[in-house]
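What follows is a set of notes on a single structure, which appears directly below.
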Amino acid sequence: MSVSLRIAATTVLSLHLLLFLVNANSSMDPYKVLNLILNPNGTVTRLQKIPQSPPSSNPNLSTTALSKDLAINQSKHTWARIYLPHKPNSKKKLPLIIFYHGGGFIFYSAASTYVHNFCENIANKTLSVVVSLDYRLAPEHRLPAAYEDSVEILRWIRTSNDAWLTRYADYSRCYLMGESAGGNIAYIAGLRAAAIVDEIKPISIKGLILIQPFFGGTKRTPSEIRLEKDLNLPLIVTDALWELSLPVGVDRDYVYSNPTVNGGDKVLEKLRLFEWKVVVFGCDGDQLVDRQRGLVKLLEGKSVHVVGQFYSGGRHGIFSGDPSMSEKVFDLVKSFF
């Protein structure tokens, strides 16, 4: 859920917003912080212009990886950006990573510069084919719209004739990966995919890579209380993001927000049977860390192969914003392969 509050992302934040955050208190208006105007028809006007990057499929340009855009569902205006290392192995196919971007379900796209740069690095550092989904955003398309798109791309890939996929991607080694809200989407997409494995063949999912996944609940955790007024991600802002993205009439203990409700989804048993690997990245400086640790504990209780990679300090968004922390993600992903 790497919203425009991430202070390190200075290209996204304006000076007046930083000054506003410095003086933030419990009475602040989260929509002003998010640079949103709530419209009477349930939509929002996004005032912040987020930097965008075009794809580049020209091997002669000095890019980290090659990339191109392909339409997924024209009626829903969904599409994907595919990334390929500059010199893919022509004799052995590469692992396939499907990536879901962050943004609190409200912001960003597969073309956003921070998303584009991170996916380029994933493809380059892990030598994999990366498919970054541009899913529908809330509140114009509340959840489960993003989850539906996250599964539809699996069906699209299995029938696609695109040469980058058919020639270079190993469908038998597929991983779902996401950051923040994208981590939430990757988790739910994994549960939904586990229930329809025969329908998405020859795609075979081997694991989930969840980077600071965005989860919530009605009861405050110690890390949420401790970091309630954290300038990077105030608690009142996460509440607002859930209010805009969850189905109308449900609270943060709905299954989309709180994966531990009723002891977890019954499909988790299939993750154990399929021997999927799950890794959850987090850090103590993120108010969401207790939620992430809670997910690891839930999966451990279900005997799912899960690894919790938690670090001291840090902030929300550090694994994509700090190159040294990004390397920790890339190194572990390579060990999965």
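The values are calculated or read from the model by the stated rules, or taken from the named source; none is laboratory data. Computed from a predicted structure; not experimentally measured. All Cβ positions, even for glycine, are placed from backbone atoms using ideal geometry, and neighbour counts span all protein chains on display. Side chains are part of the model used for accessible areas, which takes the heavy atoms of the whole protein and leaves out ligands, DNA and RNA. Shrake-Rupley method; radii C 1.70, N 1.55, O 1.52, S 1.80 Å.
Some notes on this structure:
- Here the Karplus curve 6.51 cos²θ - 1.76 cosθ + 1.60, taken at θ = phi - 60°, turns the phi angles of segment 191-199 into couplings of 4, 5, 5, 5, 7, 9, 4, 5, 7 Hz, with x standing for Gly and Pro.
- Taking 14 Å as the straight-line reach from the Cα of LYS87, the aspartates and glutamates in range (excluding those fewer than 8 positions away in the same chain) are GLU120.
- Computed accessible area, THR63, all protein chains, 1.4 angstrom probe, square angstrom: 40
- For segment 216-262, the set of trypsin sites (Lys or Arg not before Pro) satisfying both a DSSP loop assignment and a count of at most 10 other C-beta atoms within 10 Å is given as LYS219.
- Trypsin sites (Lys or Arg not before Pro) lying in DSSP loop within segment 69-144, provided at most 16 other Cβ fall within 10 Å: LYS76, LYS91, LYS92
- 5 angstrom amide H check on LEU66, placed H, neighbours 5+ away: LEU84, HIS86
- Candidate lysines for bridging to LYS334, where Cα separation is under 16 Å - those fewer than 8 sequence places away on the same chain excluded: LYS92, LYS93, LYS125, LYS206, LYS277
- Helical mean residue ellipticity (222 nm; -39500 (n - 2.57) per DSSP H run of 4+; nearest 500) of the chain: -9500 deg cm²/dmol
- Crossing angle, helix 235-245 versus the chain [Cα axis fit, 0-90 degrees, rounded to tens]: 60
- GNM flexibility winner over the chain from GLY190, GLY103, GLY321 (Cα, springs under 10 Å): GLY321
- Degrees separating the helix 323-336 axis from the principal Cα axis of the chain, which is the longest one: 40
- Ratio of Rg to Rh for the chain: 0.94 [Cα atoms; Kirkwood radius as inverse mean 1/r over pairs].
- Summing +1 for each Lys or Arg and -1 for each Asp or Glu among the other residues whose beta-carbon sits under 15 angstrom from that of PHE105 gives -3.
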